[in-house]
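Below you'll find the structure, written out as structure tokens, and then a few comments.
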Amino acid sequence: MSFRSSTSSFRRSLLLGAVLVLGGGWAAERSEIEPVAFFGGWKLARKVRALEELERSRPVDVLAIGPSYVDTGFDARLFSERTGKAAFNLGIAGTDLYFQALLLRDFLLRTCAPEAIVWGIGDVPLTRRGISEQYVDSPAMRQLRQPLGRWLFDLERRLPHYRKRRLAEWCGWERSVPELPIDDFGLTRTAKVLGAGSLEPAPETEEESGDEEDVGGAHRSDAIPAADIGQALACFEEAIRLARERGIAVYLVLTPYHESVFAQSNYRRDMLRGRYDAFRRRLTGIVRQHGVILVNLRSCAAVSPEAGFFFEPKHLNERGAAATTGILAQIFQGEPVQASWSTLPSPAELRALQEHAPPGAAPDTGK
């Protein structure tokens, strides 16, 4: 075989390989198969797809981010109907403040131009749940942190190997990704969210509901967040600063808890011991420095007493999400935040602790 024929054969092989790769990427991109491995989990992959589909019809004006409190507790469809602004729920159960800040700073502020961010805040900035680290370490988030990250992100997310990897899954014979009912506006709707639960206290070690997701068969049940609290808070403040510099309003929201949480729970115990004091002081400073709107609904007279609004003492069901979203829609439209919701802790929280204190006891929040 001559050198020329060998070179020609090699070129044809390269061309064929390129066609196959491009064709596979084209087919995968137009399929309904999310790049789960690329995003680090099926929920983020599915929500990003839903967000992009919504933005094809109209720009998204309001983005909600946060942990499970937002994932199941912010009805973006209802918010859109009440305000006339397109809203989307990008809350991811089990995630902490560090991942949420990276998501806003490195992805959302680069790909969207919202008028407002609704950021649902947990009680602590970091948790020991592996799901946040799983997302932070995903190819998507790693690429976005690179100098050419946006270009690499757009390129790599289309590669077929980041999607389902087995023939049975590609052909639809088997599914490893749960059929999670996320509506067109990002709200997670599960059976337990649709109705009231038993309102039994959450397990001692739980900070959020939501478990590690299976990506390529690996679970991270004992993972510890890579970032320390200082790094998480610095990233959080940077994301807020960037949003405010672009004229984006930021609402820090603490969603309602059922009134039983203030009577006898880990939350009550930790409040009285001052576990949340340092984090809340930092939040208060950020609110004042950057012109953020604080809406502390932890104890909300219109929601917290209603057992039918919760599927778990700290988590709203569909009815509770509608009631809470209605309050946020009114505030977004210009209704002033009530004085009882405007501080950390709020007067409403302190009253709830006092009302549910044992006879003769007075709550000491360490203030």
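The values are calculated or read from the model by the stated rules, or taken from the named source; none is laboratory data. Since the structure is predicted, the reported quantities are computational estimates derived from the model, not experimental observations. Because the Cβ atoms are built from the backbone with ideal geometry, glycine has one as well, and the counts that use them run over all protein chains shown.
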Does at least one position in segment 341-353 carry a residue that is in contact (Cβ under 8 Å) with a residue 24 or more places away in the chain, surrounded by 18 or more Cβ atoms within 10 Å (Cβ to Cβ), among the acidic types (Asp, Glu) and in contact with a Gly (Cβ under 7 Å, 6 or more places away or on another chain)?
no
Which one of these does residue 365 not meet: (1) assigned to a helix (DSSP H, G or I); (2) of a type in the set (Val, Ile, Thr); (3) modelled with pLDDT under 95?
(1)
Restricting segment 290-312 to residues that are at pLDDT 95 or above and of a type outside the set (A, V, I, L, M, F, W, C), the one nearest to residue 336 (Cα to Cα) turns out to be 296
Within segment 306-344, the residues that are within 19 Å of the chain's Cα centre (by Cα) and acidic (Asp, Glu) are 312, 318
Single condition residue 303 does not satisfy, out of (1) closer than 30 Å to residue 247 by Cβ; (2) under 23 Å from the mean Cα position of the chain (by Cα); (3) of a type outside the set (D, E, K, R)
(1)
Does residue 278 fit the bill of being under 28 Å from residue 102 (Cα atoms), surrounded by fewer than 19 Cβ atoms within 10 Å (Cβ to Cβ) and out of contact with any helix residue (DSSP H, G or I) (no Cβ under 8 Å at 6 or more places or on another chain)?
yes
